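Trainee: There's a structure below that I have some questions on.
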Amino acid sequence: MRKIHQKVTFLLLALIVISCNKDYTLMYPKPQVSLSNVSLKNETTIVCYTVSYVEDATISPILDYGICYSSLNANPTIVDDYSISLMDRGNSVSTFTLNGLTKDAKYYVRAYATNKGGTEYSDTKNIFTNTNIATLGGNCWLLTNLNVSVYSDGTTIPEVKDTSWKTLTTGAWRYYNPSITAYGKLYNWYAVMGIYDNASLLNPALRKTLAPENYHIASLADWDSLNTLKFDDVKFRTELGGRIKETGTANQLGFQANWWCKGNANKNNVAIYFHSDNSGLTKDSIDVKLGFSLRCIRDN
């Protein structure tokens, strides 16, 4: 009888252990969640989103949902980053705004939804909070030079300040000098092409995108649409930010503006110059080792 009692006790303990170690993700599948309608709204850098989720209320209802965001973490979470719960909205589709974001900064945003199975996240949306935009030549141009230090997926672009710049075969950036940052960053051509390691140097399919989401680097055709641009065109805000030479040293500050642009298949290292003599835009094919500014155009 004692042995039977021991066996029953063991079975009960085993059931308790099994119960405590149930895989709730099997019993309660995580919800589906999505984030859409991401756009800048006005000069106060307000961003608007729509969050939606799919739940099975009879098996595992939603316990919480909302968004999380960060300017540092490319995959923000509700544990490590800023989050906003939308559970009090009482429905599966909620539109809302984020206020007070830092201007000229990049944010990573994604939606989340939680049930008994755990927390699921949507795809990450990248938001570049630059609302300095003007319509010129049929395009929505950013009015400041690009100033990001990561590719669109969050991969870091290294800052290279010394003469090792001339030996690089991967992307890099630097300021004209540490005290002159108002003109944005100067990038080498490898950064423009998204070449971040040796593998991506050899295989174009592995390359990153430098322009923030919903923007693209101005192409040769985009620049051609501005062929009448003059230095005193305040809408474009021409900035004579100089360049980085092949040797890694800087020059031409206050004399020349230099921007990379994307050319055709046979002439990829194309740049646009703008001189202080107000003679308009000049285009040329130049050395990939140079460090130039970038201008982006909004896609929507």
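The values are calculated or read from the model by the stated rules, or taken from the named source; none is laboratory data. Remember, it's a predicted structure, so these values are computed and weren't measured experimentally. Positions of Cβ are generated from backbone atoms using ideal geometry, with glycine treated the same way; all protein chains shown enter the neighbour counts.
Trainee: Residue by residue through segment 160-171, note down the ones that are exposed (fewer than 12 other Cβ atoms within 10 Å of the Cβ) and charged (D, E, K, R).
Mentor: Hit for segment 160-171 is Asp162, nothing else.
Trainee: Can I ask one more? Got a sec? Which of Thr58, Thr119 is over 30 Å from Lys185 (Cα atoms) and modelled with pLDDT under 85?
Mentor: Every option except Thr58 fails the conditions.
Trainee: Report, by residue number, each residue of segment 147-171 that is in contact with a helix residue (DSSP H, G or I) (Cβ under 7 Å, 6 or more places away or on another chain), farther than 30 Å from Val109 by Cα and either of a type in the set (A, V, I, L, M, F, W, C) or touching a residue at least 40 places away in the same chain (Cβ under 8 Å) (or both).
Mentor: Within segment 147-171, Leu168 is the sole residue that qualifies.
Trainee: For segment 65-77, check the following and say yes or no: at least one residue is exposed (fewer than 15 other Cβ atoms within 10 Å of the Cβ), in contact (Cβ under 8 Å) with a residue 24 or more places away in the chain and assigned to a strand (DSSP E or B).
Mentor: The answer is no; no qualifying residue exists.
Trainee: Of the numbered conditions (1) touching a strand residue (DSSP E or B) at 6+ places or on another chain (Cβ under 9 Å); (2) not in a strand (DSSP E or B); (3) not assigned by TED's automatic domain parsing to the domain that holds Met87, Asp123 satisfies every one except a single condition; which is it?
Mentor: (3)
Trainee: Restrict the check to segment 193-211 and report whether at least one residue is assigned to a helix (DSSP H, G or I), of a type outside the set (Ser, Thr, Tyr), under 23 Å from Ala257 (Cβ atoms) and at pLDDT 85 or above. Quick ask: steps written out before the conclusion?
Mentor: Step one: list which residues in segment 193-211 are assigned to a helix (DSSP H, G or I), which gives 198-202, 204-206.
Then drop every residue that is not of a type outside the set (Ser, Thr, Tyr), which leaves 198-199, 201-202, 204-206.
Next, from what is left, pick out any that are under 23 Å from Ala257 (Cβ atoms): none.
Within segment 193-211, not a single residue is assigned to a helix (DSSP H, G or I), of a type outside the set (Ser, Thr, Tyr), under 23 Å from Ala257 (Cβ atoms) and at pLDDT 85 or above.
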